[in-house]
Amino acid sequence: MTEGRAHDGGPGRGPDRLSARGAIALLTDDFAELPYPARDSAPDGPLAWHGYDASRARAAERTGEEESVVCGTAAVDGTRAVLIAFEFGFLGGSLGERTGDRLETAYAYARAHRLPVVALVATGGSRMQEGMLALTQLQRVARQSVLTREAGLPQLSVLRDPTTGGGWATLGAGADVTLALPGAQVGFAGSRVRPPDADPAAYTARAQVAAGSVDAVVPPEELRQTLALWLRLLSGPTTGHSPAADDRRPDPALPPEQPAAPLPFALGAQELPRTGWDAVQRARSSRRPRAEAYLAAYFTHRVALSGDRCGGTDPDGMLCGFGEHEGRTVAYAAQTGTATRPAGFRTAARLIRLADRLGIPVLTLVDTPGAANDAEAERQGVGAAIADLFGAVAAARVPITTLLIGEGGSGGALALAAPGNTWATPDSYFSVIGPEMAAAILKRGTGEVESTADELRIRPQDLVALGVVRGVVGAPGGSTRP
């Protein structure tokens, strides 16, 4: 497939389109370019495309660059990283063999020096004048990305205008964290190859956020600060160690080396409920603190992951991201008290797998009446999404700490809970199913719902006695009650 503006520079750079050096200047003042490997080139390239050498010469004169990508190292507010910046003015930021050489050099340097990779993407796709040899550069990029991921190093991308074709499908969408500048065109199909009746609003950065493929749109004036926080959290003292890459612990069942995330304090009621129905009512109370209050109290700084990378988001049901707690990076996945959508489960699984790869401990907050069970949730694969989250939690080699802060409704809540390291607040409950539905399944009348709640033994103190949770946490300055 031919993609985007990948020939003689297209219409050129618009007045608001950043150059590669301009994009780098948004992040740092000490960029040092890497040396690039030399490559012999036949006249007019590998396909002997008439006029290709002249096109490259014009692009070099116009932009001051010798290729469509600039690679180097820099400190972004104190955190060193490898930066990859595309120059759209050079043949539409297209990928050719020399582009692939430079990208491979950058990734190899990042692994050798244990540095995160930041790609500032602006590309129309693969270079027409190099044909299939250009397209196969995407395989080189994918391989380098996988090797860097296996090394336990974070990869971040910033989408500029435009980000289309294979550059979007590798460096952009394939990053661990994907940010975008406002107004950026983002999509696999560039403006010259998409259907003539296609809705242009679907090919924007904001549309990709709504579709779960981009984490956030960040204004240029906030990019340095935002990216610096991401880099600090993902490359901080807790991170940089990949359990999967540690050959000193060949048995994945051995305890992880990282200390677990500390438990949050209980922010709501401190006394234990008298009855099962009392526990349910307190957990459902509108006055009870929700996830946002717990996260605000727990973290000094935090950044959010958004989207499941499968077309969906659940911003009202699941909050995911990374934050700083007492100088350490902790990942979090928190239910908000609503029914969790399939995209919420998948986003949490994405978060846990990324944290596991980077060696970052995880905190999960359980609070849901259950998984969404409407027809649309079934069409979106709610069962498979829950199974995926169960699997991510079970496979994690970093420690996961769970606090039940409200409702614990059935498998939709249990999927987010850490086996053997789940705790509860006094205003919470955990149940195989809500007491009302349990009574209905048992063919009991509405007058027996409260007694059913007692029989289910769903109070925090019941859960401790049953061995389902380890203990009930108290307020700041209080004790943790067994």
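The values are calculated or read from the model by the stated rules, or taken from the named source; none is laboratory data. Remember, it's a predicted structure, so these values are computed and weren't measured experimentally. Here the Cβ positions follow ideal geometry from the backbone for every residue, glycine too, while neighbour counts run over all protein chains shown.
Scanning region 138-170 for residues that are of a type in the set (Gly, Ala, Ser) and either over 19 Å from Val118 (Cβ atoms) or in a helix (DSSP H, G or I) (or both) yields Ala142, Ser145, Gly165, Gly166, Gly167, Ala169.
Rundown of residues vs (1) under 15 Å from the mean Cα position of the chain (by Cα); (2) among the small types (Gly, Ala, Ser); (3) crowded, with 21+ Cβ neighbours inside 10 Å; (4) under 18 Å from Ser306 (Cα atoms), yes/no style:
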{"residue": "Pro162", "(1), (2), (3), (4)": "no, no, yes, no"}
{"residue": "Ser191", "(1), (2), (3), (4)": "no, yes, no, no"}
{"residue": "Asp199", "(1), (2), (3), (4)": "no, no, no, no"}
{"residue": "Val217", "(1), (2), (3), (4)": "yes, no, no, yes"}
{"residue": "Pro220", "(1), (2), (3), (4)": "no, no, no, no"}
{"residue": "Leu231", "(1), (2), (3), (4)": "yes, no, yes, yes"}
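Check whether at least one residue in region 45-62 is within 27 Å of Ala228 (Cα to Cα) and part of a loop (DSSP other than H, G, I, E, B), and report yes or no. No, every residue in region 45-62 fails to be within 27 Å of Ala228 (Cα to Cα) and part of a loop (DSSP other than H, G, I, E, B). None of Ala413, Ala453 is under 19 Å from Ala279 (Cα atoms), buried (at least 19 other Cβ atoms within 10 Å of the Cβ) and in contact with a Gly (Cβ under 6 Å, 6 or more places away or on another chain) except Ala453.
Being without any contact (Cβ under 8 Å) to a residue 12 or more places away in the chain and in a helix (DSSP H, G or I), is that true of even one residue in region 181-200? Scanning region 181-200, I find at least one residue that is without any contact (Cβ under 8 Å) to a residue 12 or more places away in the chain and in a helix (DSSP H, G or I), so the answer is yes.
In this entry, Ala304 is excluded by the filter for residues that are small (Gly, Ala, Ser), under 24 Å from Gly408 (Cβ atoms), assigned by TED's automatic domain parsing to the domain that holds Val432 and part of a helix (DSSP H, G or I).
Checking the condition hydrophobic (A, V, I, L, M, F, W, C), over 19 Å from Leu229 (Cβ atoms) and free of Cβ contacts under 8 Å to residues at least 40 places away in the same chain, which residue from Ala260, Ala293 passes? Please lay out each step first, then the result.
On the way: Ala260 fails: free of Cβ contacts under 8 Å to residues at least 40 places away in the same chain.
Result: Ala293 is the single residue among Ala260, Ala293 that is hydrophobic (A, V, I, L, M, F, W, C), over 19 Å from Leu229 (Cβ atoms) and free of Cβ contacts under 8 Å to residues at least 40 places away in the same chain.
Of Val449, Val464, which residue is in a helix (DSSP H, G or I), at pLDDT 95 or above and either more than 33 Å from the chain's Cα centre (by Cα) or of a type in the set (Val, Ile, Thr) (or both)?
Working: Val449 fails: at pLDDT 95 or above.
So the residue among Val449, Val464 that is in a helix (DSSP H, G or I), at pLDDT 95 or above and either more than 33 Å from the chain's Cα centre (by Cα) or of a type in the set (Val, Ile, Thr) (or both) is Val464.
Residues that are farther than 24 Å from Leu295 by Cα and crowded, with 19+ Cβ neighbours inside 10 Å do occur in region 388-397, at least one of them.
Please pick out the residue among Arg39, Arg13 that is assigned by TED's automatic domain parsing to the domain that holds Leu171, among the basic types (Lys, Arg), modelled with pLDDT under 95 and not in a helix (DSSP H, G or I). Write out each step before concluding.
On the way: Arg13 fails: assigned by TED's automatic domain parsing to the domain that holds Leu171.
After applying the criteria, what remains is Arg39.
Residue pairs whose Cβ atoms lie under 9 Å apart, separated by 6 or more positions or on different chains, with the first residue in region 217-235 and over 22 Å from Thr163 (Cα atoms) and among the hydrophobic types (A, V, I, L, M, F, W, C) and the second modelled with pLDDT of 95 or more and assigned to a helix (DSSP H, G or I), are Leu234/Leu354; Leu234/Leu358.
Regarding Ser431, is this residue buried (at least 22 other Cβ atoms within 10 Å of the Cβ), polar (S, T, N, Q) and at negative phi? Before the answer, list the steps.
On the way: buried (at least 22 other Cβ atoms within 10 Å of the Cβ): yes; polar (S, T, N, Q): yes; at negative phi: yes.
Against the criterion (buried (at least 22 other Cβ atoms within 10 Å of the Cβ), polar (S, T, N, Q) and at negative phi), Ser431 qualifies.
Working carefully through the options Arg102, Arg56, find the one that is touching an Asp or Glu at 6+ places or on another chain (Cβ under 7 Å) and either closer than 20 Å to Leu133 by Cβ or not assigned by TED's automatic domain parsing to the domain that holds Ala151 (or both). Full working, then the answer.
On the way: Arg56 fails: touching an Asp or Glu at 6+ places or on another chain (Cβ under 7 Å).
Of the residues listed, the single one that is touching an Asp or Glu at 6+ places or on another chain (Cβ under 7 Å) and either closer than 20 Å to Leu133 by Cβ or not assigned by TED's automatic domain parsing to the domain that holds Ala151 (or both) is Arg102.
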